[in-house]
Amino acid sequence: MWNIPNILTLLRIGMIPVFVGIFYLPAQAVAADGLPAHWVNLTAASVFILAAFTDWLDGYWARKYHQMSKFGAFLDPVADKLMVAAALIVLVELNRVGAVVALIIIGREIAISALREWMASIGKSANVTVAMVGKIKTAAQMAAITLLLWYDPLLGLDIQWLGEWLIVIAALLTLISMGYYLRAAWPAIRETI
């Protein structure tokens, strides 16, 4: 259980309350320390980027050094979904993401996780392996969340506008990828009806 990939995954889970908590620091505490208001966005986005990097790193490390485990296979996707759900909930509360978009993304994550678990239980997990559309969706989603956490203009770019469009694209890709996985699982579903 205590290999580098699993430690990185647990670290990622530990970062969730940190980046969420940053947005709930009292305004007086930030101002009292002489920190600009942008510090909150910058710090939260940086912690999210670090968490996303550990997601990539733990997978890379596990494959390269053959440190894959059943515990890691279970915990890694849970950590990813917790991180994304926490970020989306914070962004909805800050009025940076619409509730419908957040529900589409979070709902798909729950549904596909349940589908994968069920397919594994009937010995057909190969039917719902990760597809390219899912990888593109994840990249768009992570970039969008990072931009919406940052929110402030950067080098003359309207980060808010870019993040809002990217999260809508991620939601559309979420629906497309969900359709892909459901279609792949349909023969097994039909057999059980």
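The values are calculated or read from the model by the stated rules, or taken from the named source; none is laboratory data. All values derive from a computational prediction rather than experimental measurement. Cβ sites come from the backbone with ideal geometry, for glycine too, and all protein chains shown count toward neighbours. We work out accessible area using only protein heavy atoms, side chains counted, and drop any ligands, DNA or RNA first. Shrake-Rupley method; radii C 1.70, N 1.55, O 1.52, S 1.80 Å.
Points to keep in mind about this one:
- Kirkwood Rh and Cα Rg combined as Rg over Rh, evaluated for the chain: 1.01
- For the chain, the number of Lys pairs with C-alpha atoms closer than 18 Å, counting only pairs eight or more positions apart or on separate chains, is 4.
- Note that the range 58-193 presents 57 Å² accessible area per residue, ligands and nucleic acids not counted, probe 1.4 Å.
- Accessible surface of the chain, 1.4 Å probe, proportion on carbon and sulfur as whole %: 72
- Pairs of alpha carbons in the range 50-159 whose separation is greater than 24 Å (percent): 34
- Per residue of the chain, the DSSP helices (runs of n ≥ 4 H) give a summed -39500 (n - 2.57) that works out to -27500 deg cm²/dmol at 222 nm.
- Considering only alpha-carbon pairs that sit under 8 angstrom and 6 or more positions apart, the relative contact order computed for the chain is 23 percent.
- Separation in nanometres of the label points that stand 7 Å from Cα toward Cβ, at Ala139 and Tyr65: 2.7
- Equivalent ellipsoid semi-axes - Cα gyration tensor, the range 118-193, angstrom: 36, 10, 8
- Across the protein chains, with a 1.4 Å probe defining accessible surface, the residues Glu191, Glu109 rank Glu191, Glu109 from largest area downward.
- Reciprocal of mean inverse Cα separation for the range 90-141 (Kirkwood radius, Å): 12.6
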